[in-house]
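Report on the following structure.
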Amino acid sequence: MNTQDIFEAMFVEATIGILAVNISGKIVKVNPFAEKMFGYENGTLQGQPLQVLLPEAIRKAHTKHRERFNKNPGHRTMGANLELHGLRKNGDKFPVQISLSHMKNGEEQLAIAYVHDVTEEKQRGKELQRKSTAIASGAMPIAFSDMEGKITEVNEAFVKMWGYDDSKDLIGIHNKELTLTDEEVAVINKAIKEKGQWSGEAKAKRKDGSYFDVFVTSNLIFDEWDRPQGMLATFVNTTELKKAEVLNQDIFKIVDDSLNEIYIFDKEDLKFVHVNKGARNNIGYSLEEMQNMTPVDIKPEHTAETFADLVTPLLNGEEEIIIFNTVHQRKDKTTYPVEAHLQYSMMGDQPVFVAIIIDITEAEKSRKALEEINTQLEEKVRLRTSALKENELKLESALTKEKELGELKSRFVSMASHEFRTPLSSILASAGLIARYPESDQQDKRTKHINRIKSSVNNLTSILNDFLSLEKLESGMISCQLVEVDFKNYVSILLDEMKLVANKNQMVNHQHSGKAIANIDEHLVKNILINLMSNAFKYSPNGKDVDLISVIENGSLSIKVRDYGIGIPEEDQQHMFDRFFRATNVTNIQGTGLGLVIVKRYLDLMKGSISFESKENEGTTFTVVIPQ
């Protein structure tokens with residue numbers, strides 16, 4: 001093959017468009033690649049004017065450029081720094097790059113144009129620009145590195161997450177100094193070479209040396225000739241996700257380990273989804289057995305229909321919580337009375353009911369404890385009376401103490417005769433009336449009197465609790481255990497419990513300011529707030545709200561409980577912290593006269609104080625201050 005044949009073969013097989021144009025602008029030679037590029041069939045482009053390959057808008061100007069080139073031919077790039085376009089046979093324009101040279105064919109002067117279609121390069125450039133803009137402004141940390149693993153570019157989110165001041169501080173750093181160990185680098189490089197990408201978890205190291213968890217996705221990036229140029233990696237901080245996962249596990253363990261009975265069952269088929277250990281231990285079934293059962297299976301008092309009616313107010317939004325008394329039946333067929341607190345909730349995307357069950361078998365124990373306290377009180381009165389008789393040498397002091405003790409006893413007898421007699425009379429009357437309704441269709445009447453008996457027992461239990469609290473305080477059995485709590489959240493939980501105590505249409509308006517964390521004994525403060533808010537509810541008419549204002553500042557926690565009720569007569573205010581003393585305007589309202597005494601003793605344990613302001617028929621404000 002001679003040289004001419006070689007050049008002809010190169011012309012025909014070239015993968016770039018080549019055109020030879022004479023000085024008049026006619027195409028005298030064109031290779032197949034150029035014909036295909038411009039959409040012409042083989043041999044149809046030769047002999048046509050070059051203008052057919054140019055957009056209409058530039059044809060006139062191109063004629064002048066061609067004339068100047070023919071006068072001074074040379075080798076150069078056409079339209080440097082300009083965007084050039086060609087025109088296909090079908091009328092489509094497309095971007096091109098053109099290089100020019102010249103030659104003579106005998107006496108004929110020819111211009112040679114080498115034409116390259118740069119459509120794909122332009123598209124890649126625009127796509128790269130869009131990606132670069134998105135990367136730079138995106139919230140997800142992104143880093144580019146070369147094939148050796150050295151960082152070449154990062155976005156602002158990456159700089160911020162790793163704790164650097166400027167992206168320049170990161171350029172040139174090897175990625176293993178920020179995220180990966182040598183072992184991890186080896187594994188990742190192998191995966192990228194085999195699959196072109198890798199994703200997984202890693203430990204990241206901030207500028208200050210602290211570590212955090214990330215999920216990394218790394219991909220190879222290529223140039224226009226599909227040669228690997230480096231890697232692009234995106235990062236997601238998974239530290240908080242892992243903390244949340246651990247927290248969920250901890251919460252589940254707390255619920256499962258709780259001694260209270262907790263049942264979670266599905267909204268649709270009512271089958272138990274989860275039953276905690278406290279419930280399983282008492283009911284006697286395994287979790288697997290319970291998951292094939294419904295609440296009706298352990299509540300002999302209910303059928304599927306009656307239980308469906310019970311939960312309907314929760315489903316239609318009429319009630320947020322339903323509290324009712326029922327009976328649970330164990331696997332061994334024994335039963336025990338319970339108080340059920342039932343709510344509608346979501347477990348993930350599954351609608352469920354959550355039941356918290358309180359075993360109220362201890363009511364009988366409370367009755368016995370009341371008898372024991374009465375015995376102890378009688379014994380204390382006997383001992384103090386005996387001490388007064390024996391202390392004849394200090395007659396004045398003894399007489400004073402005897403008088404005080406007599407007043408105390410008188411108040412107690414007066415209080416006990418009223419507070420015990422009323423519920424006991426109610427119990428006796430209701431018990432007698434129940435016997436008058438033996439027929440099955442009279443169950444509603446029997447239920448009415450049973451509920452009265454339960455209410456009266458609860459009143460007696462409340463009185464008993466006051467006696468127990470006072471006894472424990474006097475015997476030194478109660479101590480102060482200070483812990484740090486989020487006080488606003490602590491009060492919020494307590495207020496949920498107090499909803500059961502409030503009168504109809506009563507609410508507590510809680511306002512908190514200052515610091516969030518309080519240093520308190522949770523049990524003592526809870527009892528203090530329950531006592532003060534119960535009094536506020538009790539001595540306020542229906543519909544009158546109660547204000548609870550808490551402030552943590554200047555080294556103390558201040559709590560104000562304000563009601564707009566009947567108030568305290570001025571002549572009674574000096575005795576409000578005396579045992580068994582009750583104001584003259586509340587004789588027809590249940591109470592023991594011990595509540596404020598117990599509150600003050602609790603505050604003494606925490607080195608706190610209590611004061612109040614009151615005006616009859618306008619309301620009362622109690623202020624508690626606890627040092628921090």
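The values are calculated or read from the model by the stated rules, or taken from the named source; none is laboratory data. The model shown is predicted, which means the values in this text are computed figures rather than measured ones. In this analysis, Cβ positions are derived from the backbone assuming ideal geometry, glycine residues included, and neighbour counts consider all displayed protein chains. These accessible areas exclude ligands, DNA and RNA; they are computed on the full protein's heavy atoms, side chains included. Shrake-Rupley method; radii C 1.70, N 1.55, O 1.52, S 1.80 Å.
The alpha-carbon of K368 sits under 17 angstrom from the alpha-carbons of these aspartates and glutamates, leaving out residues fewer than 8 places away in its chain: E378, E379, D466, E471.
Straight-distance candidates among the lysines for linking to K448, with alpha-carbon spacing under 24 Å and chain neighbours fewer than 8 residues away dropped: K299, K499, K504, K538. Sparse packing (at most 15 other Cβ atoms within 10 Å of the Cβ) combined with a DSSP loop state is found for the following chymotrypsin sites (Phe, Trp or Tyr not before Pro) in the range 505-589: F577.
Axis angle, to the nearest 10 degrees, between helix 522-538 and the longest C-alpha principal axis of the chain: 70 degrees. Partners of K394 within straight-line reach, counting lysines whose Cα lies under 25 Å from its Cα and excluding those fewer than 8 residues away in the same chain: K380, K403, K409. What separates the Cα centres of the range 472-551 and the range 150-171 is a distance of 51 Å. Remark: the chain carries 60 Å² of accessible area per residue (probe radius 1.4 Å; ligands, DNA and RNA excluded). A 1.4 Å probe, protein heavy atoms only, puts the accessible area of T375 near 90 Å². Our note on the geometry: Cα centres of the range 254-323 and the range 20-55, 86 Å apart.
Contact order for the chain, expressed relative to its length and based on alpha carbon pairs under 8 Å spaced 6+ residues apart, stands at 6 percent. Computed over the range 158-207, the Cα gyration tensor eigenvalues convert (square root of 5λ each) into semi-axes of 23, 11, 10 Å, ordered from largest to smallest.
The Cα atoms of the range 163-315 cover 77, 38, 31 Å along the three principal axes, with the biggest extent listed first. Taking the 0 to 90 degree range and rounding to the nearest ten, how far is the long axis of helix 395-419 tilted relative to the main principal axis of the chain, both from C-alpha atoms? Orientation of helix 395-419: about 70 degrees from the principal axis.
For the range 172-231, chymotrypsin sites (Phe, Trp or Tyr not before Pro) are listed when DSSP marks them as loop and at most 10 other Cβ atoms sit within 10 Å of their Cβ; the list is W225. Our helix-only sum for the chain, with -39,500 (n - 2.57) per DSSP H run of n ≥ 4 divided by its residues, gives a mean residue ellipticity at 222 nm of -13000 deg cm²/dmol. Taking the accessible area of the range 280-389, probe 1.4 Å, and keeping the other protein chains in place, the carbon and sulfur fraction comes to 52%. Counting only alpha carbon atoms, the long axis of helix 595-605 and the longest principal axis of the chain meet at about 60°. Sorting 155-168, 24-37 by their mean Cβ neighbour count within 10 Å, with the most densely packed peptide first, gives 24-37, 155-168. Extents of the range 509-628, taken as max minus min of Cα coordinates on every principal axis and listed largest first, are 40, 30, 22 Å. Annotation: I254 carries an accessible surface of approximately 120 Å², with a 1.4 Å probe and no ligand, DNA or RNA atoms counted. Among the listed values (1) 93, 31, 24; (2) 61, 40, 25; (3) 57, 25, 23, the one matching semi-axes √(5λ) of the Cα gyration tensor in Å as calculated from this structure is (1).
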